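Some notes on the structure that comes next.
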Protein chains: 2
Amino acid sequence: MNHNHYDDPVFFAKYGEMSRSKLGLAGAGEWQEFRKLLPAFDGKEVLDLGCGYGWHCKYAADRGASRVLGVDLSEKMLAVAQEKNPHPAVEYRRGAMEELSFPDGSFDVVLSSLAFHYIEDFPALVRNICAWLKPGGDFVFSVEHPVFTAAGSQDWYYGPDGKPLHFPVDNYYYEGRREAVFLGEKITKYHRTLSGYWKALTENGFTVVDLVEPQPPEEMMDLPGMRDEMRRPMMLLVGAKKGPVKKLGPE
Amino acid sequence: MNHNHYDDPVFFAKYGEMSRSKLGLAGAGEWQEFRKLLPAFDGKEVLDLGCGYGWHCKYAADRGASRVLGVDLSEKMLAVAQEKNPHPAVEYRRGAMEELSFPDGSFDVVLSSLAFHYIEDFPALVRNICAWLKPGGDFVFSVEHPVFTAAGSQDWYYGPDGKPLHFPVDNYYYEGRREAVFLGEKITKYHRTLSGYWKALTENGFTVVDLVEPQPPEEMMDLPGMRDEMRRPMMLLVGAKKGPVKKLGPE
């Protein structure tokens, strides 16, 4: 991530107004689907990459994780995490996930929620994560959907009446840098295709076991703009297990 | 499939003009990627659902398949298959794939190329395919990409200069019937999300081992319109193996 927007006071304040910031997991539209992908945490050592306010760290610790390490680039985010989601088993640490280093087999579970679209070299990170995990370890993450990141603007295409006409897809196969506007700030993100995510995982030691495009939950459907979220996929949830992929061909 | 367009003389003639019809596998932009997903065919019993002109049947038989059954709804397509791609090991049979019935474990490999978007109840078909396959059997298919089928028109959104502005996505999470125009004819297709394909496979006996969004090959890039195919994903290739999915959680 080239610039740490989350430590920018204006951006940080706006982020704090989002439903997921105020309400935590209950305010995140994808949480009910994401939780289904999570393994049992009892006695597990857990790493959360881009932990933000620490909601997932606290969740894992509350469910019996023996140790949870939450890493985030933003000092301000970690201060909120420490205040809102402290737990004796959770350590919050400042750092860029691309620069982390751990002994092989340090963790049972690696989590990440909506942070990997800030990462330029995803395959390199996946190689590291695979090494950090014990054999059979779980890697569960959410990212912005390739449909959502492809064109770059991350905005609807509007009709003359000012209503969303459709969602534009463009430059799909050109992976890499995109400049999007998020909470009024220009942010650099990285677009990857679905194949791109798949290859990064399967060529670097993982078997993909879950792939979910979460729909807006029924009970949030009346929130502003939520009904339009049935018209485009915005997120992709992935569950993977450290271990070889069974290849096609003769047994 | 509610109406058999491929036996309509006008549609059939237009289909015959497509590069993939005239040149066979070499004229299909996705073939170089699709072939990588195919298992070894030596001594295998193979079923091809929606075999069309029979290119894939012939390919499997040429590579040693002991028996290949190609099924298609269209009499005209099968007549061309018999003429262009005959082989002693290949039988072409007319039928709707939803209505087929075979003893359990009849095949080692089930193939399908660009035919499942005509199928209304995909999970039911997947259940059948799983039963027809031997344990460890291979299921390899291509479909139109969910991005391509979502809005329904399957056409670019054009700017005032008449050039493609972007590709529109709409109604993504509303799976089901779409009316698209293909070769000038109104055709009914069925849109499914990526999650929809994934669930149909993983909940009905398959492990997904390959997931590929094929890009236009470099040597075809100068064909009319091909460069624009870098801007949207049009196809999805899937390789799956009959067998259980490893679930996340404690071993």
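Working only within the range B:184-213, note down all residues that are of a type in the set (Lys, Arg) and open to solvent by less than 10 Å² (accessible area, probe 1.4 Å).
Hit for the range B:184-213 is B:Lys189, nothing else.
Out of all the residues in the range A:124-146, is one or more within 12 Å of chain B (Cβ to nearest Cβ) and assigned to a loop (DSSP other than H, G, I, E, B)?
Checked against the condition, which is being within 12 Å of chain B (Cβ to nearest Cβ) and assigned to a loop (DSSP other than H, G, I, E, B), the range A:124-146 yields at least one hit.
The conditions are (1) closer than 26 Å to B:Lys242 by Cβ; (2) open to solvent by less than 20 Å² (accessible area, probe 1.4 Å), and B:Glu99 fails exactly one of them. Which is it?
Of everything listed in (1) closer than 26 Å to B:Lys242 by Cβ; (2) open to solvent by less than 20 Å² (accessible area, probe 1.4 Å), B:Glu99 misses just condition (2).
Kindly provide the set of residues from the range B:74-88 that are among the aliphatic types (A, V, I, L, M), buried (at least 18 other Cβ atoms within 10 Å of the Cβ) and over 23 Å from B:Glu144 (Cα atoms), ordered by number.
Matches in the range B:74-88: B:Val80 only.
Quick check on my filter: what residues within the range A:214-246 are open to solvent by 10 Å² or more (accessible area, probe 1.4 Å), in a loop (DSSP other than H, G, I, E, B) and either within 7 Å of chain B (Cβ to nearest Cβ) or of a type in the set (Lys, Arg) (or both)?
A:Gln215, A:Arg231, A:Arg232, A:Val245, A:Lys246
Would you mind finding the one in B:Cys57, B:Cys51 that is farther than 24 Å from B:Arg232 by Cβ, in a helix (DSSP H, G or I), under 15 Å from the mean Cα position of the chain (by Cα) and of a type in the set (A, V, I, L, M, F, W, C)?
B:Cys57
With A:Glu45, A:Glu17, A:Glu33 as the choices, which residue is without any contact (Cβ under 8 Å) to a residue 12 or more places away in the chain and open to solvent by 20 Å² or more (accessible area, probe 1.4 Å)?
A:Glu17
Identify all residues within the range B:12-45 that are in contact with an Asp or Glu (Cβ under 7 Å, 6 or more places away or on another chain) and either at pLDDT below 80 or aliphatic (A, V, I, L, M) (or both); write none if there are none.
The one that is in contact with an Asp or Glu (Cβ under 7 Å, 6 or more places away or on another chain) and either at pLDDT below 80 or aliphatic (A, V, I, L, M) (or both): B:Leu37.
Search the range A:204-213 for residues being in contact with a helix residue (DSSP H, G or I) (Cβ under 6 Å, 6 or more places away or on another chain) and within 12 Å of chain B (Cβ to nearest Cβ), and hand back the single one that is nearest to B:Lys241 (Cα to Cα).
Step by step, filter the range A:204-213, then rank; the result is A:Val208.
Scan (1) more than 18 Å from B:His56 (Cβ to Cβ); (2) modelled with pLDDT under 95 for the single condition B:His117 breaks and write down its number.
(1)
How many of the residues making up the range B:116-145 are open to solvent by less than 10 Å² (accessible area, probe 1.4 Å) and within 17 Å of B:Thr188 (Cβ to Cβ)?
6
The values are calculated or read from the model by the stated rules, or taken from the named source; none is laboratory data. Nothing here was measured: the structure is a model prediction, and the numbers come from that model. Quick reminder, even Gly has a Cβ in these numbers, built from the backbone with ideal geometry, and neighbours come from all protein chains shown. Quick note on the areas: whole protein, heavy atoms, side chains included, nothing else; ligands and nucleic acids left out. Shrake-Rupley method; radii C 1.70, N 1.55, O 1.52, S 1.80 Å.
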